[in-house]
């Protein structure tokens, strides 16, 4: 049996850190984390099957694969692309299987998209599907309804991943969380009783990663300390493992805020070499926390808790939410002041989203406060699927946008860094790159990040350099990188005046039409600008016939102006292709590749064998 597993391309979000990946990190790194779920699924597959994993975030998808089964995973934010891939391959006659976290939460969304849906934890039901498929009697739905013992979870097939393309590699120790946060879907899928792997299993996985020269590891548990006694045993064993292997790994993870109330656990985190932890703070307003049943964050002062974690050398990343029923327009200042005072640089602020099947979704649906057909998969966009209670929807979105504008000024980035470094005196965080890569990273950081920001950014950067404590320098550089990457995302996606933006795009479109009027008269080129209210426009260029070298050389600067000076996207429709165009077209693609996330390329189905588009760089449109 030939099994092809595909992780669809993620739409850009804060979590992509696109600017940092493109401009700062070593050239071989393409994205942040690999698809751990697919590597685990591969390990659950019969050993005599031929398995390939394709991660569209680092490599292009095959358009005509040789496979008996194509399995496509996906989180909620990947649902659109996952749907496109399932439909595309199914229309080719392939047997397609849908899985992943969103199929586990909402299997009904996939009924018409896939031949089989695998919903829930895969340790038992995937093996059952494989056996049924070999026998020719597979079902349309395999849904895990019982409790899965993580001791039955195998060592993931890390060897099937292009491991050097990722900034960090993922590991999992536990599933489930004991808390009852109203908006969270984790307890819906994994339950409130955390289940854990044995440390022997974790050690085997770490052994495999050492063989692959991995040094940066992210424990992806939604709450690593959900079962504190087990977490302490894990930390103790990790400490011993690190000592035995000369502290090979730098670890990071997600945990609840009550980590700060347990000094024994904090000390174990330090001894195991955990450089950072992501904490769901959500709000500094106690009433908002009570409303969403996040009582674990109300047991002590939140700011004091964050500073206490710093005192152990552990960096804090955090999630924040705007849109609770208790929130008003004053909430934005409350969030801003807390984030500045706490020094949290990776402050992932999002609008509250009601995710299907969660208690929040059910409550708001009953109250008639859900927005029909609104997106419910990405909270880093200027929109959500619920109506706030104590402010208008427009006030919430505008306040959210302005909050990020304030947080990402050079001055406020520098102030946060200095506030943090007053408490994080001895950071565990150190670069895991080679000395050669560190030198390259620093050079690109100064050139592309600091100097490019002009004298004001240079000044604010200089005032954050910890001359008296050089140990803090790697973390300062990382925090500036994060801040600039988030600012780049906001500048491109949180546009205030789409009308002004689109007027500029229209002028560029007219300039292109005028410059290439000869081609348009011949009917070999079509140019149009598609405008939608409150959204960035899309410039569409269609190649209908043979176009010469002169066009490709002169259209590139026009398109770069559109992409550099507006937030518009570009769709390139290739309806005609001649071999003489290949070299010129490839040069155009290479020149535009840094804007690939905003470029959509649609190749006529009859030409797909001739025109090769890297779907990890550009948005490859698969509809006919």
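The figures follow:
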item: Qualifying residues in region 562-571 (those that are out of contact with any helix residue (DSSP H, G or I) (no Cβ under 6 Å at 6 or more places or on another chain) and outside any strand (DSSP E or B)) - the one surrounded by the fewest Cβ atoms within 10 Å (Cβ to Cβ); result: 564
item: Within region 158-188, tally of residues that are out of contact with any strand residue (DSSP E or B) (no Cβ under 8 Å at 6 or more places or on another chain), more than 27 Å from residue 356 (Cα to Cα) and touching a residue at least 60 places away in the same chain (Cβ under 8 Å); result: 1
item: Pairs, first not assigned by TED's automatic domain parsing to the domain that holds residue 130 in region 34-46, second modelled with pLDDT under 95, C-beta under 9 Å, six or more apart; result: none
item: Check on residue 211, surrounded by fewer than 21 Cβ atoms within 10 Å (Cβ to Cβ), without any contact (Cβ under 8 Å) to a residue 12 or more places away in the chain, over 30 Å from residue 360 (Cα atoms) and in contact with a helix residue (DSSP H, G or I) (Cβ under 9 Å, 6 or more places away or on another chain); result: yes
item: Candidate set from region 346-360 (those that are over 17 Å from the mean Cα position of the chain (by Cα) and not in a helix (DSSP H, G or I)); member that is nearest to residue 192 (Cα to Cα); result: 358
item: Unique match (being buried (at least 17 other Cβ atoms within 10 Å of the Cβ), touching a helix residue (DSSP H, G or I) at 6+ places or on another chain (Cβ under 8 Å), outside the structural domain of residue 63 (by TED's automatic domain parsing) and more than 24 Å from residue 82 (Cβ to Cβ)) among 543, 613, 599, 574; result: 574
item: Test: residue in region 604-623 that is in contact (Cβ under 8 Å) with a residue 40 or more places away in the chain, in a strand (DSSP E or B), closer than 19 Å to residue 556 by Cβ and touching a strand residue (DSSP E or B) at 6+ places or on another chain (Cβ under 6 Å); result: yes
item: Conditions (1) touching a helix residue (DSSP H, G or I) at 6+ places or on another chain (Cβ under 7 Å); (2) buried (at least 22 other Cβ atoms within 10 Å of the Cβ); number of the one not met by residue 223; result: (1)
item: Residue in region 410-427 that is closer than 22 Å to residue 167 by Cα, within 27 Å of the chain's Cα centre (by Cα) and not assigned by TED's automatic domain parsing to the domain that holds residue 267 present; result: yes
item: Selection count where residues are surrounded by fewer than 16 Cβ atoms within 10 Å (Cβ to Cβ) and outside any helix (DSSP H, G or I), scope region 513-530; result: 4
item: Residue count for region 327-338, restricted to those that are surrounded by 18 or more Cβ atoms within 10 Å (Cβ to Cβ) and either over 26 Å from residue 471 (Cα atoms) or in contact with a helix residue (DSSP H, G or I) (Cβ under 6 Å, 6 or more places away or on another chain) (or both); result: 5
item: Residues of region 417-441 that turn out to be more than 15 Å from residue 311 (Cα to Cα) and touching a strand residue (DSSP E or B) at 6+ places or on another chain (Cβ under 8 Å), as a count; result: 2
item: Number of the condition not met by residue 379 [criteria: (1) part of a loop (DSSP other than H, G, I, E, B); (2) modelled with pLDDT of 95 or more]; result: (2)
item: Residue count for region 41-56, restricted to those that are in contact with a strand residue (DSSP E or B) (Cβ under 7 Å, 6 or more places away or on another chain) and part of a loop (DSSP other than H, G, I, E, B); result: 3
item: Sole exception among (1) part of a strand (DSSP E or B); (2) surrounded by 20 or more Cβ atoms within 10 Å (Cβ to Cβ) for residue 319, by number; result: (2)
item: Flag for residue 527 being more than 20 Å from residue 610 (Cβ to Cβ) and modelled with pLDDT of 95 or more; result: yes
item: Qualifying positions in region 14-47 - within 19 Å of residue 122 (Cα to Cα) and over 14 Å from the mean Cα position of the chain (by Cα); result: 37, 38, 39, 40, 41, 42, 43, 44, 45, 46, 47
item: In region 382-427, the residues that are closer than 22 Å to residue 323 by Cβ, assigned to a helix (DSSP H, G or I) and free of Cβ contacts under 8 Å to residues at least 60 places away in the same chain; result: 393, 394, 397, 398
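The values are calculated or read from the model by the stated rules, or taken from the named source; none is laboratory data. Keep in mind that what you see is a predicted model, and the values were worked out from it rather than measured. All Cβ positions, glycine included, derive from the backbone under ideal geometry; neighbour counts span all protein chains shown.
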